[in-house]
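J.: Shown below is the structure under consideration.
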Amino acid sequence: MKNKMPQFVLIIIPPNSGDLYTQIKHFGDVKFGIATQCVLDTKLFKRGPQGYVVAGSQYFNNVALKVNVKLGGINVVPNKTEMHGILGDGANMTLVMGADAQHPPPGTEGRPSFTAVVGSVDSLASKYVATHRAQTSKREIIEDMQEMTEASIQACLITKQSLTGAMLI
């Protein structure tokens, strides 16, 4: 167990600590590959007439859902009967994709827009991979859509191959 990195770290931070949050996410998620979850101390403990009280179960349930996904768990599975056979068939996976562009606020100059494309990598469309890019500011059309889509398709195919032993063509 010596020198073993943790799989997950929960960090309690004070309000108005955006810089600290950014550093935690960078070092945990990016640099060391450790899932992190930050929670505000003011959300965990509320001041009441009797002193501080612990947050309600709904807050902890929401945090648990986020942690579960970060550790590879599945929170929601579509109802197969409502999907009419489109999802849930491991032999014939359906790739579910989404895309969006996020733009800087009005009046800002010199800041890029950011785009993302996500694609499912399992037969229940409950696990996704994402690609993201910076692009020309305030442009709604995703400039690298083809490359980002190809990356999603490739990830889906690789996952299918690892699950079924199917050959990639």
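The values are calculated or read from the model by the stated rules, or taken from the named source; none is laboratory data. These numbers come from a predicted model, not from an experiment. Note that we place each Cβ from the backbone using ideal geometry, even for glycine, and neighbour counts take in every protein chain shown. Ligands, DNA and RNA are stripped out before the accessible areas are found, and what is left, the full protein with its side chains, is counted by its heavy atoms. Shrake-Rupley method; radii C 1.70, N 1.55, O 1.52, S 1.80 Å.
J.: What is the residue count in region 131-140 for residues that are loosely packed, with under 13 Cβ neighbours inside 10 Å and in contact with a Lys or Arg (Cβ under 7 Å, 6 or more places away or on another chain)?
T.: Of the residues in that region, 0 qualify.
J.: Test of understanding: among Gln7, Gln23, which residue is open to solvent by 70 Å² or more (accessible area, probe 1.4 Å) and touching a residue at least 40 places away in the same chain (Cβ under 8 Å)?
T.: Answer to the selection: Gln7.
J.: Being at pLDDT below 90 and farther than 24 Å from Thr131 by Cα is the filter here; which residues of region 60-85 pass it?
T.: Within region 60-85, Asn79, Lys80, Thr81, Glu82, Met83, His84, Gly85 meet the criteria.
J.: Mind listing whichever residues of region 108-130 are farther than 18 Å from Gly72 by Cα and open to solvent by less than 70 Å² (accessible area, probe 1.4 Å)?
T.: Selection gives Thr108, Pro112, Ser113, Thr115, Ala116, Val117.
J.: Has region 57-69 got at least one residue that is touching a residue at least 40 places away in the same chain (Cβ under 8 Å) and over 14 Å from the mean Cα position of the chain (by Cα)?
T.: Scanning region 57-69, I find no residue that is touching a residue at least 40 places away in the same chain (Cβ under 8 Å) and over 14 Å from the mean Cα position of the chain (by Cα), so the answer is no.
J.: Right, next: In region 97-107, which residues are open to solvent by 30 Å² or more (accessible area, probe 1.4 Å) and either at pLDDT below 90 or in contact with a Lys or Arg (Cβ under 7 Å, 6 or more places away or on another chain) (or both)?
T.: Matches in region 97-107: His103, Pro105, Pro106, Gly107.
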